[in-house]
Amino acid sequence: MASSQAKSEPMDTNSSAEASNFDPVNLESEILQLCLQFPNGVTDKILENSFRSVTMQQRVSALNRLLSLNKIDLLKSATESGTFLYRIRDTTSASGSSISVGGTTTDQMERVVYQLVKESGTLGIWMRDIRTKTKLSQTILNKTLKSLESKKLIKAVKSVHASKKKVYMLYEMTPDPSITGGTWYSDHEFEAEFVRVLNEQCARLLDERLEESIKKFPNDPFLRRTSAFMSSNELVALINEMGIATVSLTVQDIESILNTLIYDGKIEKTTVASTTTTAEGGAKQHLYRSVVAILESSPVVRNPCGICPVFKDCHDDGLITPETCIYLNKWLDF
Amino acid sequence: MTTHHIQLAFDLLEDLFPDGTSKEIASYLSRKGPLPFALLVRDLNIPARNIARSLAALTIHDIVECQVEASTKRVLYALNLKRTLYILHYSKCIHCARQLYSFDGELIIEELLLNGKQRMSTLLVKVYERLIKAGKDPETHNLQSIKEKFKTLVSAQFLQRVVADDAKPFMATTVEETSASSVQIPELTPEAWKYLVSNQQYESNEPAQKKVKTSMPIFGDEKIFWKVNFQRFFAYLRDEELIQAFTNRIDQNAGKIVRAILRLAAVKLDPSRTIPISFIEIAKTISNTGLQLNDESLQKYMNVITNDVNNCIVKIGDHGRGTYEVDFQKALRGLTKAHIQSFLKERYGSNALRIYNMLEERGCLSQKQIEDMAMINAKEAQQYVYSMFIDGMLTLEELSKANDFNPTRTFYFFRVNLYNGVLSLLDHSYKTMSNLMQRRHFEKERHRKLIDKRDKVDAIIHSLREQNADEEQINEVDDILSPVEKEQIKKLDAAFRKIDLAQLQLTETILLLELYLSLSNTVAPVQKKTGGKAVAEKLLETRAQR
């Protein structure tokens with residue numbers, strides 16, 4: 001806005017004179033101003049009405065100049081068929097200005113493709129989608145994308161889930177977490193070690209809390225149970241304090257780690273309505289508590305047959321029998 | 001009904017009846033179904049007398065059942081596979097009896113288990129003789145006390161009455177005792193009693209030859225037999241498991257409270273649930289057992305208990321300051337889940353357990369979703385999922401987008417099926433049990449000479465000690481065994497002990513899994529079977545079910 005204001009300032013004083021002598025630059029700037037007033041587009045009719053003193057020829061040539069300068073867009077009206085709309089082109093976004101800086105030699109197709117990529121925002125758009133939308137052939141599209149990439153206007157980002165798939169987005173955009181994988185992926189690789197360390201830390205914290213609660217309330221099982229609970233917010237704060245992770249983790253992240261601990265059978269979860277107004281401000285809070293397993297180990301696995309890798313091949317007579325089993329030998333110390 | 005199931009049954013029979021006849025009969029019956037006696041004689045190469053004897057023994061134990069064929073009115077003998085597997089639990093039952101009813105009770109149960117069914121009179125005499133031989137004081141362990149123990153066993157429903165019905169002369173019908181009718185302990189006629197008492201005095205004073213041959217009096221319970229009520233023992237063992245689980249999860253006191261609840265709930269109207277028990281009753285029982293818990297802390301405990309072990313103890317009302325009920329279906333489900341989880345963890349790794357639990361909570365997931373949610377890298381996750389699938393813990397469901405099941409256009413979902421998992425684990429346990437028994441047998445045969453030698457030496461030493469020989473002689477005898485042999489014997493003993501212990505613990509698991517299957521409402525999922533192999537399998541199933 002600033003640039004166009006600056007430009008129209010000196011013109012403003014002139015146009016207020018309503019001079020009969022026609023100034024083409026004047027006309028253009030006036031048209032521009034009109035467009036600015038109607039950001040949704042100015043119809044031909046409105047232009048006619050505003051500039052009665054100007055002939056259609058002059059108006060048309062002014063419009064053409066503005067179009068070639070890429071200051072306005074020519075659009076077909078959706079409401080009244082057959083009429084055209086002239087819309088101010090957004091010159092404030094840096095990318096837009098860079099194109100206009102690039103000059104009039106920018107390819108029309110590149111512009112279209114560029115528009116699509118911009119619209120896709122942080123998610124980016126897949127090549128096939130561009131093709132369906134623009135109906136361009138593959139080779140032309142490839143050329144377009146390559147030239148845009150060389151101009152450093154768009155970039156290709158590899159998705160972490162499907163390594164062959166590339167999405168295009170504007171150069172300056174940071175890719176959406178769903179493509180890069182989020183906190184657990186670094187360089188398109190799953191960080192198993194990181195997850196494991198976090199897993200152990202959370203388990204340890206909860207175990208410590210359980211021991212504390214046992215010591216505090218040896219006689220009261222109910223209080224023991226309730227005091228052993230820790231909320232996910234607490235855990236997030238503690239983990240971030242410990243500084244294991246280079247980035248600070250959100251409650252969401254920690255909850256996914258805690259979910260894996262639940263599936264491991266080491267902790268259990270309850271949900272309560274949150275009474276305090278926390279920073280997250282959620283309506284319910286999740287509480288976690290370390291638990292002891294029901295069964296320490298099943299008798300099925302206390303003998304070698306339970307974990308024998310060749311269990312299915314073991315028969316009465318055959319190469320593998322209980323009588324000569326090496327695992328049984330070791331177990332019985334023979 | 002799997003191979004391993006049947007194989008284990010035969011191994012157990014061989015153990016209990018060491019002559020091979022019973023095993024042969026059993027295997028033949030299981031292959032051919034119910035058969036009349038004549039066919040057995042014709043097809044097996046065993047003299048008819050032996051067959052008859054074996055059949056009689058097996059029938060008394062209920063391992064072989066008599067059926068009357070409707071059309072020809074012939075008596076058919078059918079193998080009862082389930083009952084054969086109860087042999088596994090004999091030791092546990094005897095141990096329970098010992099714990100609850102001391103030595104007398106233990107002997108009663110042992111005698112009954114070894115003999116199938118017996119009259120009370122014969123039982124009393126036998127137990128008494130064994131007590132005397134074991135060196136117990138005949139004053140404290142006289143016939144009267146044994147009879148009292150017998151009465152308590154019957155009233156606790158550990159023993160069942162069997163009546164020989166005149167209408168069906170060769171079939172014994174078990175009398176189902178409900179809580180309404182109290183069991184009639186047969187009263188022995190006075191002369192029978194005198195006979196027994198006098199006999200006992202004779203036994204202690206005079207050697208056998210001088211015994212006056214009196215004619216056997218009528219005991220008064222000629223037609224009434226007794227046998228062990230296995231279901232009651234199983235219920236007791238299941239209760240023990242549940243109590244252990246609660247002790248592990250909460251603490252000792254919780255275990256005691258649960259024990260009190262289960263004792264109160266001994267009368268069951270419905271096998272899967274207990275009658276409602278009020279808080280006041282629990283409090284009274286607790287104070288009787290001597291556990292010092294005031295009402296408040298008991299309330300707190302009940303609060304914590306109801307939240308644990310799959311919510312099997314539920315609060316169903318507030319009258320009587322809280323009414324509670326134990327849901328055995330849920331309890332067994334929780335316990336079997338724990339066994340399966342432990343099995344998966346040890347066999348495949350803790351990551352596999354994570355995947356299993358995740359699938360259980362979420363219902364069905366595709367391979368991709370599993371990888372994402374479990375935070376395990378893709379290759380490992382695939383490995384775990386497929387090995388669990390092979391083992392029968394997970395089932396695969398295909399959902400096709402198109403009409404044809406084109407692999408690129410169908411979703412493949414994995415699901416957890418607890419019923420299947422339990423079946424597969426049970427099969428695994430049966431095979432393990434057979435393996436252990438086989439190994440034990442093998443080791444015994446291999447070291448037979450050594451074991452015989454050791455037994456002989458022990459016998460000699462024992463007799464020497466009784467005659468109060470001096471230490472030198474004993475040491476001489478002891479030296480018959482060289483130190484190397486002694487080492488070997490020690491190792492052998494340790495090995496046998498290990499195997500026995502493993503077997504004993506395994507019976508716990510087997511019992512739990514079988515109880516769960518019998519109580520579970522789910523029907524085995526129907527699997528599409530096609531092809532010759534499947535037809536053969538189906539035949540085997542129907543044959544075994546008969």
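Only residues that are modelled with pLDDT under 80 and either β-branched (Val, Ile, Thr) or surrounded by 18 or more Cβ atoms within 10 Å (Cβ to Cβ) (or both): list them for region A:251-284, please. Once the filter is applied, which keeps residues that are modelled with pLDDT under 80 and either β-branched (Val, Ile, Thr) or surrounded by 18 or more Cβ atoms within 10 Å (Cβ to Cβ) (or both), region A:251-284 yields A:272, A:275, A:276, A:277, A:278.
Checked against (1) more than 10 Å from every other protein chain (Cβ to nearest Cβ); (2) within 33 Å of the chain's Cα centre (by Cα), residue A:260 meets all criteria but (1). Elements of the type helices (runs of 4 or more DSSP H) sitting completely within region B:48-151 and holding at least 1 residues that are modelled with pLDDT of 85 or more and closer than 24 Å to residue B:23 by Cβ: these cover B:48-60, B:81-85, B:90-115.
Could you tell me whether region B:371-386 includes any residue that is buried (at least 19 other Cβ atoms within 10 Å of the Cβ), under 30 Å from residue A:302 (Cβ atoms), more than 11 Å from chain A (Cβ to nearest Cβ) and out of contact with any Pro (no Cβ under 8 Å at 6 or more places or on another chain)? Yes, there is a match, as at least one residue in region B:371-386 is buried (at least 19 other Cβ atoms within 10 Å of the Cβ), under 30 Å from residue A:302 (Cβ atoms), more than 11 Å from chain A (Cβ to nearest Cβ) and out of contact with any Pro (no Cβ under 8 Å at 6 or more places or on another chain). Between B:300, B:337, which is of a type in the set (D, E, K, R), within 14 Å of chain A (Cβ to nearest Cβ), in contact (Cβ under 8 Å) with a residue 60 or more places away in the chain and part of a helix (DSSP H, G or I)? Residue meeting the stated conditions: B:337. Taking every residue in region B:445-465 that is at pLDDT 85 or above and pairing it with any residue that is among the basic types (Lys, Arg), at least 6 positions away or on another chain, the pairs with Cβ-Cβ distances below 7 Å are B:451/B:444. Within region A:320-334, the only residue that satisfies the criterion of being of a type in the set (Ser, Thr, Tyr), surrounded by 14 or more Cβ atoms within 10 Å (Cβ to Cβ) and more than 8 Å from chain B (Cβ to nearest Cβ) is A:327. Taking region B:37-69 as the range and being surrounded by fewer than 18 Cβ atoms within 10 Å (Cβ to Cβ) and acidic (Asp, Glu) as the test, the residues that pass are B:43, B:65, B:69.
Tell me, yes or no, whether region A:220-235 has at least one residue that is among the aromatic types (Phe, Trp, Tyr), touching a strand residue (DSSP E or B) at 6+ places or on another chain (Cβ under 9 Å) and assigned to a loop (DSSP other than H, G, I, E, B). Yes, that holds for at least one residue. When residues of region A:212-247 are filtered for being away from chain B (no Cβ under 14 Å), under 26 Å from residue B:300 (Cβ atoms) and either without any contact (Cβ under 8 Å) to a residue 24 or more places away in the chain or crowded, with 18+ Cβ neighbours inside 10 Å (or both), how many remain? Number of matching residues: 4.
Here is a check on your reading of the model: is residue A:197 of a type in the set (Val, Ile, Thr) and modelled with pLDDT of 75 or more? The answer is yes for residue A:197. Filter region A:292-319 for residues that are surrounded by fewer than 18 Cβ atoms within 10 Å (Cβ to Cβ) and aliphatic (A, V, I, L, M); which is farthest from the other protein chains (Cβ to nearest Cβ)? Ranking the candidates gives A:319 first. Scanning region B:95-115 for residues that are crowded, with 19+ Cβ neighbours inside 10 Å and within 12 Å of residue B:237 (Cα to Cα) yields B:96, B:97.
To keep it simple, each residue is scored yes or no on (1) at pLDDT below 85; (2) assigned by the TED database to the domain that holds residue B:485; (3) hydrophobic (A, V, I, L, M, F, W, C); (4) on the phi < 0 side of the Ramachandran plot.
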{"residue": "B:340", "(1), (2), (3), (4)": "no, no, yes, yes"}
{"residue": "B:344", "(1), (2), (3), (4)": "no, no, yes, yes"}
{"residue": "B:377", "(1), (2), (3), (4)": "yes, no, no, yes"}
{"residue": "B:383", "(1), (2), (3), (4)": "no, no, no, yes"}
{"residue": "B:390", "(1), (2), (3), (4)": "no, no, yes, yes"}
{"residue": "B:393", "(1), (2), (3), (4)": "no, no, yes, yes"}
{"residue": "B:401", "(1), (2), (3), (4)": "yes, no, no, yes"}
{"residue": "B:407", "(1), (2), (3), (4)": "yes, no, no, yes"}
{"residue": "B:432", "(1), (2), (3), (4)": "no, yes, no, yes"}
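The conditions are (1) under 18 Å from the mean Cα position of the chain (by Cα); (2) loosely packed, with under 15 Cβ neighbours inside 10 Å, and residue B:72 fails exactly one of them. Which is it? The one condition residue B:72 does not meet is (1). Listed by first and then second residue, the pairs with beta-carbon distance under 7 Å, at least 6 apart or on different chains, first residue in region B:224-251 and facing another protein chain (nearest Cβ under 10 Å), second part of a loop (DSSP other than H, G, I, E, B) and surrounded by fewer than 18 Cβ atoms within 10 Å (Cβ to Cβ), are B:248/A:292; B:249/A:292. Right, residue B:415: part of a strand (DSSP E or B) and closer than 30 Å to residue B:8 by Cβ or not? Spelling it out, residue B:415 is indeed part of a strand (DSSP E or B) and closer than 30 Å to residue B:8 by Cβ.
The values are calculated or read from the model by the stated rules, or taken from the named source; none is laboratory data. What you see is a predicted model, and the numbers here were worked out from it, not measured in a lab. All Cβ positions, glycine included, derive from the backbone under ideal geometry; neighbour counts span all protein chains shown.
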